[in-house]
Each structure stands twice: as C-alpha cells, then as structure tokens.
1. Looking at the range A:231-243 only, could you name the residues that are surrounded by fewer than 22 Cβ atoms within 10 Å (Cβ to Cβ) and in contact (Cβ under 8 Å) with a residue 40 or more places away in the chain?
2. For the range A:165-183, which positions are in contact (Cβ under 8 Å) with a residue 24 or more places away in the chain and either assigned to a loop (DSSP other than H, G, I, E, B) or among the polar types (S, T, N, Q) (or both)?
3. State which residue pairs qualify: first residue more than 8 Å from every other protein chain (Cβ to nearest Cβ) and inside the range B:11-26, second residue surrounded by 13 or more Cβ atoms within 10 Å (Cβ to Cβ) in any location, beta carbons under 7 Å apart, and separation of 6 or more residues or different chains.
4. Are any of the residues in the range B:3-22 within 24 Å of the chain's Cα centre (by Cα), loosely packed, with under 12 Cβ neighbours inside 10 Å and modelled with pLDDT of 95 or more?
5. Based on this model, can you work out whether A:A47 counts as out of contact with any Cys (no Cβ under 7 Å at 6 or more places or on another chain) and over 30 Å from A:L232 (Cα atoms)?
6. Are there any pairs, at least 6 apart or on different chains, whose C-beta atoms fall under 6 Å, with the first in the range A:113-137 and free of Cβ contacts under 8 Å to residues at least 60 places away in the same chain and more than 15 Å from A:I60 (Cβ to Cβ) and the second assigned to a loop (DSSP other than H, G, I, E, B) and not hydrophobic (A, V, I, L, M, F, W, C), and if so, which?
7. In the range B:10-28, is there at least one residue being in contact with a helix residue (DSSP H, G or I) (Cβ under 8 Å, 6 or more places away or on another chain), of a type in the set (S, T, Y) and in a helix (DSSP H, G or I)?
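The values are calculated or read from the model by the stated rules, or taken from the named source; none is laboratory data. All values reported here derive from a predicted model rather than from experimental measurement. Here Cβ is always computed from backbone atoms with ideal geometry, including for glycine, and neighbour counts include all displayed protein chains.
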Amino acid sequence: MGRFTTWFYRMGSPRWFFDLSRPWLVGFLVAGIVLLTVGTVWGLGFAPPDYQQGDSYRIIYIHVPSAHLAEALYVAMGVAGIVVLVWRMKLADMFIAVTAPVGMAITGIALLTGAIWGRPTWGAWWVWDARTTSVLVLFFLYVGIMALRQAIPRADQAGRAAAVLAIVGTVNVPIIKYSVDWWLTLHQPASITFTAAPAMPPSMWVPLLVNFLGFYSLVAAFLVAGLRNEVLRREADAQWVRDWVGRS
Amino acid sequence: MGARLGGALMSEFLAMGGHGLYVWLAYGISFAVLAGLGLRPIVERRRFLANARRTDEGRNP
C-alpha cells in the first residue's frame, strides 16, 4: 500500500483520530477565537462605513463568512457521504452525524443576519428571491439529514440514507452560488471573487478575510470536539475508551 | 473632557449611524449561536464521562 492509502485507512480508524486530534482541537480553537475577535473588532470599529449602506453593511463580517461556511460544510458532508457509501468508513459517517446540526446552526446564522441586514437595506426582513430561497433549502437539507438519522432505527441504514441525501443535496450548492447571476435577485452579487479585483478597499475586505478564517477555524474546532465525543460514544465498550475514561 | 469625548465616541459607535439595532442584533444572535455550538461538545463530554464511570462501577464494584 502506498503512503496515502495507509494514511487514508488509518484516518478511518476512530481510535487513531481520537489519539491525534486533541492538538488540532486546541489549535483551531485558539486560532478561531483570536481571528474572530480581531476581525469583528476591526470590522465594527475600524473599517470605513459603506458609501451607500452606511454602517448596516458591517453585518457582512458575519453574514458572508457564515453563508460561505454553511455551503462548504454541506459539500464536506457530500464528500463524506461518498466515503461512507464506497469505503464504509465509520469516521465519515460520524462526520456527517456531527456536521449536520452544526451546519444547520451556521446556515441559521447566515439566514438571520441576512434577514436583519435586509430590513434596512431592502425594506423587508425576507424576500423570496433565488438566493434566499436556495439557502433556506440548504437549511432544510441539514434538517433532513438529522431527521433521517433519527427516523431510521438501524444505524447502518440510517448512515447510508444520510450519506445519499448529503451527496444529492450538494446539487443545491452551485445553485446557491450562481443564483445571483442566473436569476434577477434582490440579493447583491459577490463583492469578492477569485477572478476580479475586490469591489471594496483593503480596509473593508481584510477584516472580512480575517473573520472568514476565524469562522472556519472556530467551527473546525467545534467539529473536532463533536467528532471526538461521537467516537467515545460509539466505541464506549472498547477497552481503549475504558482505559481513557480511567485516566481522565 | 476626555471622558466626555470618550462617552460621545462610544455612543456614536453604538448607534452605528442609526443602524445600531440591526448591527448589534445580528452580532448578538450570531455569537450566541456560536457560544451554544461551543458549549455543546463540553456538555456532551461531561455527560459521557459521568455515564462511563457509572457503567464501569457497575462492572467492577
């Protein structure tokens, strides 16, 4: 076996993950808290006001990172879904179980901050345009995965059903991304892309980048922590877990 | 003088150009949700440890 294959199969071992992941948890947590604090203070207190929207645009510093993360987490679940169906890897199934409620909460942040931003900007808390509607669908896809896992009593069947929904649901992600280009939406198109210069000065987008990294790091820490607990719960009868309980 | 200036700056900061309610509501909700997401694994871990210790005592009293 090549080095990658060995690594891949080891990664699938819940115990291996548990033994290695503690420093990751600490690293992501510290990075997440520091970055989010810096980005938020910067965005709220030091970035200049927008020439059209004034200070209400500052909601961008949580809205855009959370919305982006909400999509990325779903794609990650889709990839994990393939791993579940093809390699039957337990850790990938645990990842979907742990990520679904976190993804739902992050999508909730994106929707709520969007609604709050919409009120002074569009004059309405909610509009049924392509962007808002497709993100609402994303929210219910997360809910659907959680519901499937709860509704199916056999764990392996529940895991496979959730994996299928995770894979199929990723179709919605490009729809969310391109909704602002394909349809006439009230939602503005992206201000920052890989292909063009940002439509805002560095004093505005640098704190956005900082909060972006902060959201990703903090949620990575939450997922690692959740996954560690999930490993413990599922392997509760294994000798190594009982030894670990004895030590801690 | 300095304190009054500081107070004026602070209330200007909190007002967010008349959009204070929206900005602070958005940040308040977001950080409350993040805090909840962070607390959950801590509670779960404590619950697991408490359960595991109880089961272990049952096994070897």
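1. A:L232, A:R234, A:E235, A:A238, A:W240
2. Residues satisfying the conditions are A:T170, A:N172, A:S179, A:W183.
3. Within 7 Å, the pairs are B:L14/B:G20.
4. no
5. Yes.
6. A:D129/A:T185; A:D129/A:H187; A:A130/A:T185
7. yes
This table checks each residue for (1) within 13 Å of chain B (Cβ to nearest Cβ); (2) surrounded by fewer than 23 Cβ atoms within 10 Å (Cβ to Cβ).
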| residue | (1), (2) |
| --- | --- |
| A:T40 | yes, yes |
| A:Q52 | yes, yes |
| A:I106 | yes, no |
| A:A110 | yes, no |
| A:V127 | no, yes |
